[in-house]
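This report concerns only the one structure given below.
Bear in mind that the values in this text are calculations on the coordinates, not laboratory data. This structure is a prediction, so every number in the text was calculated from the model and none was measured. Cβ placement follows ideal geometry from the backbone for every residue including glycine, while neighbour counts extend to all protein chains displayed.
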Amino acid sequence: MPIKNKSKANNQPKRKPVENEAELTLIKGRPRLNHLLRSRCRIAFVVFAVLAMAVVIRSGISASRGYALVATQTQAQQLELENERLRVEIAQLKSPQRIKQIAEDELGMIVPRKMYFSHER
């Protein structure tokens, strides 16, 4: 009867030197993983994702500031128009004809026909 007490080292075939890359990537029927390349790709992906998010956030902030600026400019225009309207209204209220009309109609005053001024020395 044959002896079946072979060591584990004897069960594995000796590897011959690899001459092309296709043989290098396959070990025992599975592809060989390049962990360094994989980690660099992960780092590159994370950096790219962070930069992309920064760009998106920055553009969002710029857009919201732009909308705020437009709203402020519109409000300033409305206030300027209101200010101009109030100046015109003040000028109308200060009008001498208006004051004379109120004095005559509401207060019963009359404008004298002749006026005399005296000077004291």
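A few comments on the model shown:
- Residue in the stretch 80-99 that is of a type outside the set (Ser, Thr, Tyr) and not in a helix (DSSP H, G or I) present: yes
- Pairs are defined by a Cβ separation below 6 Å, a sequence spacing of at least 6 or placement on different chains, a first member in the stretch 108-121 that is surrounded by 10 or more Cβ atoms within 10 Å (Cβ to Cβ), and a second member that is of a type outside the set (Val, Ile, Thr); the pairs so defined are Met109/Ala103.
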